[in-house]
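The values are calculated or read from the model by the stated rules, or taken from the named source; none is laboratory data. Given the structure is predicted, the values throughout are model-derived calculations rather than measurements. Virtual Cβ from ideal backbone geometry, glycine too; neighbours counted across all protein chains shown.
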2 protein chains.
Amino acid sequence: MAQQHLDPTDPTAGPVAGSALGDYLRSQATEFLRALRSHRETGATAGGSEEAVDAARALRRSARRISGSLHTFRPLLDTEWSEQMRPELAWLSGTLALEHACAARLERLLHALHRLSGSAAFPVRTPGLTIGAPAGPAVPAPAAAERSSLTVGAAKAGALLERQLTLARTRAHSTALQALGSSRFHAVADKVAVLASEVPLTPAAAGTDLRPLAAASGERLTAAVTALPLVTAGHPYNAEALVHGLSPDPAPHPQDGPWHQVRLLLRLHRYAREALYGDDPVDVRLLAAGQALNRHRDASEAAAAAASAARTPRIAPATAYALGVLHADQRHEVEAARFAFHQSWQKQTVRTP
Amino acid sequence: MAQQHLDPTDPTAGPVAGSALGDYLRSQATEFLRALRSHRETGATAGGSEEAVDAARALRRSARRISGSLHTFRPLLDTEWSEQMRPELAWLSGTLALEHACAARLERLLHALHRLSGSAAFPVRTPGLTIGAPAGPAVPAPAAAERSSLTVGAAKAGALLERQLTLARTRAHSTALQALGSSRFHAVADKVAVLASEVPLTPAAAGTDLRPLAAASGERLTAAVTALPLVTAGHPYNAEALVHGLSPDPAPHPQDGPWHQVRLLLRLHRYAREALYGDDPVDVRLLAAGQALNRHRDASEAAAAAASAARTPRIAPATAYALGVLHADQRHEVEAARFAFHQSWQKQTVRTP
């Protein structure tokens, strides 16, 4: 089965001591603090948007890695500390991710509208996602010449999405600002500062081989992948992702759930490998599978945003029509992402043992 | 190149004499007359719909084959006769095809709406397409229980399409009835009756090998296929068919044209092979490629019908949204059909010489 290939335990390599986990957590905590410092310095200046975006991304990145390691290597860490820390890190990275997600979703949808309008690719620029700098509209409106190539419906749909997602982004921006100024955040930052020098490993951790715990994360991933409808996903144009596209249920497609779950498990597994072996060499196949699942998530949420915009009262039929086309287009992106995941996963499992 | 594999001239077989063309045209003319007789007998009775549909299909079938042979083997037939006959046969099969096309389009669209609504497959029954019997609604409205699973938008979109395409079908039905009662039709039927016993071959035809002319039809097909964007079509989820999905141009997608053209050339080539070798054994790959192109045409026209319905004044936004989803769904069917064509065509060309 695939399991053995996902097992980060290279049979030719020896055991990995628990001290490697200590090193990994310390380095991630250091990254977190560096990103936080950079964010405070750059976020204050209006022109520092690019750096502030990078800093916010780096903050999320290390928060996710620390949180993931706490989960995968739970038995080797102080239980009470670990159980307090994880939800706080999840809250933080979730809060910081929201603004970026709104902006990225709008960019994806406007790009798709332009593609569907048959206009030449145009540069949809997402200005720096700055936490600490005022949030303008996420994506500038297409120039007049570009807009003229859209039907009225597509242009109106674009304007509606821009309004709704910019509002959501502004709210997410305020929430993130509040979060970063809260005592709750300061408590997390203090704990990460301690972690940078002192990792609360259990007494037994130092003598424990990390490989079985990392392997277990691979097994959880494999089990979840096995439960996916991969045979269907491997058949191009199976039209599965758009089933229920017009169902009365306004909730996101329930069929997407297991794929989102695999995305999280794959990420946890990737971090576990990182803790053991660093990220060099990167497993490109695991990376490709992860990228397909990110695309799946993004398209799924973009499709939901188009459907949600179509429920706005009093929109013109032409606007609704364009949003319907857009929704279906993104659901096909969902299907395409599943196909891409299937392809990269197949490569993974046929890899020589 | 593919050409040699498409060449109906089996190199192990000998030349095919022009008399085979005479036999083929005589047998198709006989089929035509039998279908016409059957249609007159069954079309009169109200309960004879099933047979009347079969008869109309058989009429179209033989008209297309006679017309196609007149084109492919033009140099072997009396020019004046041939040039008079072809447009009349094209008029006849085109007129007879329209009613069937409207009904099939509605069936396809209602099926898609049900799929998109996430309702279980339900039997969309197309009552017999009868020329000579009154044309009722092509597809019965879904039962109340099935309808309840649709959103309001999907149900309204379905009702709108049903209204519009049933009207188009009724008109096509009247036109076909008028055509079959016209002196123009009787003139064609008389000519076909003569053809059943006496094929106007040129004096040289009997001694001519049919294979080069049939091969030329294969070459025209191959040349047209070569001009298709097959590399793109072979990449699943290339999102090409929906480009321009929201463009202001209400005309059918111009990108579909070359595919429609290949569909016609493939049909001509298939008939040419039939004239030489009969339809036993059927070339299943050529058949599969042809079916993919039929699906391409059907989905293309269904997508256009959904877009056209969305331009109906004063429809509800929910209806327009459903039509947008439906349009995009059918454009993805177009893309899927191109992929399927690519797959069967590849099989064709890798066939051992």
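For B:ALA303, the stated conditions do not hold, so it cannot be described as within 23 Å of B:GLU107 (Cα to Cα), at pLDDT 95 or above, out of contact with any Leu (no Cβ under 9 Å at 6 or more places or on another chain) and within 14 Å of chain A (Cβ to nearest Cβ). Among (1) over 22 Å from the mean Cα position of the chain (by Cα); (2) away from chain B (no Cβ under 14 Å); (3) modelled with pLDDT under 95, there is one condition A:PRO200 misses while meeting the rest; what is its number? The one condition A:PRO200 does not meet is (3).
So which of B:GLY278, B:GLY245, B:GLY234, B:GLY257 is within 14 Å of chain A (Cβ to nearest Cβ) and either buried (at least 17 other Cβ atoms within 10 Å of the Cβ) or without any contact (Cβ under 8 Å) to a residue 60 or more places away in the chain (or both)? Among B:GLY278, B:GLY245, B:GLY234, B:GLY257, only B:GLY245 is within 14 Å of chain A (Cβ to nearest Cβ) and either buried (at least 17 other Cβ atoms within 10 Å of the Cβ) or without any contact (Cβ under 8 Å) to a residue 60 or more places away in the chain (or both).
Evaluating B:HIS269 against the criteria (1) more than 10 Å from chain A (Cβ to nearest Cβ); (2) under 30 Å from A:PRO313 (Cβ atoms); (3) of a type outside the set (A, V, I, L, M); (4) buried (at least 24 other Cβ atoms within 10 Å of the Cβ) leaves one unmet condition, (2). Could you please let me know if B:SER308 is more than 9 Å from chain A (Cβ to nearest Cβ) and over 30 Å from A:ALA309 (Cα atoms)? No; evaluated as a whole, the condition is false for this residue. Just to verify a result, which residue in the stretch A:242-273, among those that are aliphatic (A, V, I, L, M), modelled with pLDDT of 95 or more and in contact with a Ser or Thr (Cβ under 7 Å, 6 or more places away or on another chain), is nearest to B:ALA322 (Cα to Cα)? Ranking the qualifying residues of the stretch A:242-273, first place goes to A:LEU268.
Out of everything in the stretch B:79-113 that is farther than 22 Å from B:ALA205 by Cβ and polar (S, T, N, Q), what residue ends up being farthest from the other protein chains (Cβ to nearest Cβ)? If we take residues in the stretch B:79-113 being farther than 22 Å from B:ALA205 by Cβ and polar (S, T, N, Q), then B:THR95 is farthest from the other protein chains (Cβ to nearest Cβ). Of the helices (runs of 4 or more DSSP H) lying entirely inside the stretch B:1-95, those containing at least 2 residues that are at pLDDT 95 or above and buried (at least 21 other Cβ atoms within 10 Å of the Cβ) span B:19-44, B:49-72. Exactly one residue out of B:THR202, B:THR175, B:THR166, B:THR222 is touching a residue at least 12 places away in the same chain (Cβ under 8 Å), among the hydroxyl-bearing types (Ser, Thr, Tyr) and assigned by TED's automatic domain parsing to the domain that holds B:ALA302, and it is B:THR222. Regarding A:LEU221, is this residue touching a Phe, Trp or Tyr at 6+ places or on another chain (Cβ under 6 Å), over 30 Å from B:ALA155 (Cβ atoms) and crowded, with 19+ Cβ neighbours inside 10 Å? Spelling it out, it is not the case that A:LEU221 is touching a Phe, Trp or Tyr at 6+ places or on another chain (Cβ under 6 Å), over 30 Å from B:ALA155 (Cβ atoms) and crowded, with 19+ Cβ neighbours inside 10 Å.
Taking the stretch B:144-168 as the range and being charged (D, E, K, R) and at pLDDT 95 or above as the test, the residues that pass are B:LYS156, B:GLU162, B:ARG163.
With respect to A:ALA141, determine if the residue is assigned to a helix (DSSP H, G or I) and modelled with pLDDT under 95. So A:ALA141 fails the test. One residue is enough: does the stretch A:317-328 have a residue meeting the conditions within 14 Å of chain B (Cβ to nearest Cβ) and under 15 Å from the mean Cα position of the chain (by Cα)? Checked against the condition, which is being within 14 Å of chain B (Cβ to nearest Cβ) and under 15 Å from the mean Cα position of the chain (by Cα), the stretch A:317-328 yields no hits at all. Every condition in (1) within 14 Å of chain B (Cβ to nearest Cβ); (2) part of a helix (DSSP H, G or I); (3) under 21 Å from the mean Cα position of the chain (by Cα) holds for A:ALA289 except the one numbered (1).
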